[in-house]
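The values are calculated or read from the model by the stated rules, or taken from the named source; none is laboratory data. Bear in mind that the values here come from a model prediction, so they are computed numbers and not experimental data. FYI the Cβ positions are ideal-geometry reconstructions off the backbone, even for glycines, and counts take in every protein chain you see. Ligands, DNA and RNA are excluded from the accessible area calculation, which covers all protein heavy atoms including side chains. Shrake-Rupley method; radii C 1.70, N 1.55, O 1.52, S 1.80 Å.
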Amino acid sequence: MPPAKNPARIDRALYDRVMAPTYAPMRIMPQRGEGARLWDADGKVYLDFAAGIAVSALGHAHPELRRALAEQAGKLWHVSNLLVNAPAIELAQRLCELTFAERVFFANSGSEANEAALKLARRHAHIHFGADKHGIIACDNAFHGRTFFSVCVGGQRKYSDNFGPKPGGIAHVRFNDAAALEARIDDSTCAVILELIQGESGVMPAHPDFVRAAREACERHNALLIFDEVQTGVGRCGALYLHQKLGVIPDILTTAKGLGGGLPIGAMLSRAAVAESFGVGAHGSTFGGNPLACAVANRVLEIIGAPEMLAAVRCKGEMLRDGLAAIGKRFAVFEEIRGEGLLLGCALTPDWRGRARDLVTACARHGLLTLVAGPDVLRLAPPLVIEEAEIAQGLEALAAAVGELAEAGG
Ligand SMILES: *Cc1c(COP(=O)(O)O)cnc(C)c1O
């Protein structure tokens, strides 16, 4: 092979030259991962409490997932939806067995799963009640993805402003304000969409009474209730899906992030009577139901769906939460630890507010990868397979990082 025309070192500097400037990634460039650990080219090791934003549910390079991927890679990669494929059928069946759902639509991401859910809700209302029933109610600060429909339904205008005219018929109410939701909903509403924990905007749990009120309000007005469990699903919160813990069943459920264990896949789940409204040609995706992603997702659900696995997530979540509370108290840095299972948010005290990003940077210096959820919340979402010793080690690194920042003048 002739040498490349511009032999360049593949490094962070090259990233800045060749990538669209949409992100501001850390300087770290991992080369390899195993379980809850990542290594860079210099052999420096990081404990990964970010898991690719709550995606790598079974950690990095899980042997079972590697096997599932390699086996499928030797058989069939892609056929599109002009043909059917066994891994997708098996995955749909498994999702139906494990949840309220009777039908599954496959997409490639959380945004696309929500896009499908919102379009289905509109189509369903159109078919059954006519064109005027198209109102969508979402919550302030919600995050539902970055396609233009999903980002406009999301409740942070900074993400949807300045892209031209927005789709209409979308209203926002205050999160956890049942009275506001009840005042806003009417017979022109086709859907209410909720995150059960607002992940991106601060790890804010939905109050069970609010979720129940949304369920009842949707019943009264023939609107569909959509739960966006893109972040809270696939065992992240100690149940396969968080609504199963709450005991409130949606009409449509969206799932992605952890579902593929790191391969891109999303899904929209519903009962048959709702799915019926997506007739042939109503919606689609070239890659949706991709055999590689589905083969891995089947294995992910087999492993995470086991009751022992979910019990372990709850147990490790408690351990992590206790450790975070202790650090919060010791340094007066966290005023509240919220979330469920292994999706936890540490809300900064007034003295520390605005410094979540600084904390993430300091943690990385101490070999710990973490996330923010807005400027005032440190978010942790380690792989569900993290070991107790690794949790303890991560907590030590976090304490060292907080101590260092406190010493440097708080
Ligand atoms: C991450 C996320 C999305 C968007 O998922 P993508 O795969 O990035 O499109 C949507 N909803 C919630 C709740 C999320 O956390």
Original post:
N141 versus (1) surrounded by 19 or more Cβ atoms within 10 Å (Cβ to Cβ); (2) within 16 Å of the ligand (Cβ to nearest atom): which is the lone unmet condition?
Top reply: (1)
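Considering only the range 350-372, I want to know if a residue exists there that is of a type in the set (D, E, K, R), within 19 Å of the chain's Cα centre (by Cα) and buried (at least 18 other Cβ atoms within 10 Å of the Cβ).
For the range 350-372, residues of a type in the set (D, E, K, R), within 19 Å of the chain's Cα centre (by Cα) and buried (at least 18 other Cβ atoms within 10 Å of the Cβ): absent.
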**OP:** Could you please find all residues in the range 249-264 being open to solvent by 10 Å² or more (accessible area, probe 1.4 Å) and either away from the ligand (no atom under 16 Å from the Cβ) or assigned to a strand (DSSP E or B) (or both)?
**Re:** I249, D251, G261, L263
Original post:
Restricting the search to the range 8-63, which residues are touching a Pro at 6+ places or on another chain (Cβ under 9 Å) and of a type in the set (S, T, Y)?
Top reply: Y15, Y46, S56
Subject >> Neighbours by Cβ (under 7 Å, 6+ apart or cross-chain): first from the range 131-159, without any contact (Cβ under 8 Å) to a residue 40 or more places away in the chain and farther than 24 Å from D187 by Cα; second more than 12 Å from the ligand (Cβ to nearest atom) and open to solvent by 30 Å² or more (accessible area, probe 1.4 Å) >> reply: F148/F163
Original post:
Within the range 215-232, restricting attention to residues that are in contact with a helix residue (DSSP H, G or I) (Cβ under 8 Å, 6 or more places away or on another chain) and farther than 24 Å from P375 by Cα, which residue is farthest from the ligand (Cβ to nearest atom)?
Top reply: N222
Subject >> Single residue of the range 270-298 satisfying the filter (open to solvent by 10 Å² or more (accessible area, probe 1.4 Å) and of a type in the set (A, V, I, L, M)) that is farthest from the chain's Cα centre (by Cα) >> reply: V280
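Here are A217, A239, A267, A183: which of them is more than 20 Å from A116 (Cβ to Cβ), open to solvent by less than 10 Å² (accessible area, probe 1.4 Å) and of a type in the set (G, A, S)?
A217
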Original post:
Being more than 16 Å from the ligand (Cβ to nearest atom), closer than 20 Å to L242 by Cβ and touching a residue at least 40 places away in the same chain (Cβ under 8 Å), is that true of even one residue in the range 103-113?
Top reply: yes
Subject >> Per-region count, the range 186-214, residues more than 16 Å from the ligand (Cβ to nearest atom), outside any helix (DSSP H, G or I) and either in contact with a helix residue (DSSP H, G or I) (Cβ under 7 Å, 6 or more places away or on another chain) or open to solvent by less than 10 Å² (accessible area, probe 1.4 Å) (or both) >> reply: 2
Original post:
If you check A183 against the conditions, is it assigned to a loop (DSSP other than H, G, I, E, B), aliphatic (A, V, I, L, M) and more than 12 Å from the ligand (Cβ to nearest atom)?
Top reply: no
**OP:** Return the total of residues in the range 144-180 being assigned to a loop (DSSP other than H, G, I, E, B), within 24 Å of H221 (Cα to Cα) and within 15 Å of the ligand (Cβ to nearest atom).
**Re:** 4
Original post:
From the list L380, L301, L398, which one is open to solvent by less than 20 Å² (accessible area, probe 1.4 Å) and in contact with a Ser or Thr (Cβ under 7 Å, 6 or more places away or on another chain)?
Top reply: L380
